[in-house]
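To start, the structure under review is shown below, and the notes come after it.
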Amino acid sequence: METLPKEMKSYEKISLLVKSQMVYLRDSLGKDLLRTVYVSALIPNKSDYFSNMERQLYKIVYKLVEEGQMAGEIKGERSPGELTMLITRCMRGTLYDWQLFEQFDLVAEGEKFISAILEGIHEEF
């Protein structure tokens, strides 16, 4: 995050974050490890990994949403926490679908969903 240009809009940073995350998960972790993580997360009372709001991913997205709202780039009707949850939920959903579908370009699908979300929350000037 520190290497991003200061003049970059917050919604551009969110888009880049999602793309980078999808590339990392596809290229570094892969489907097999992610499948194991998701299966483990479904065991009741065993893991709060995905719901832990202290995860670095949540903190980064929250900060970018809050920054965007303060700069007037992102609509303020929803709280930063709600928008953070929606964005990260869509990320998880995309990763889940990646596990389900044989022909699935994780990075392209991640870019599609974040574009749709950002279009909906982007503040028009």
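The values are calculated or read from the model by the stated rules, or taken from the named source; none is laboratory data. A quick note: this is a predicted structure, and the numbers were derived from the prediction, not measured. Here the Cβ is made from the backbone with ideal geometry for all residues, glycine too, and neighbour counts use every protein chain on show.
Of the residues examined, ILE121 is one that is among the β-branched types (Val, Ile, Thr), surrounded by 14 or more Cβ atoms within 10 Å (Cβ to Cβ), within 13 Å of TYR11 (Cβ to Cβ) and modelled with pLDDT under 90. Yes or no: ARG55 touching a helix residue (DSSP H, G or I) at 6+ places or on another chain (Cβ under 9 Å), under 29 Å from GLU119 (Cβ atoms) and modelled with pLDDT under 80? Judged against the criteria, ARG55 is a match.
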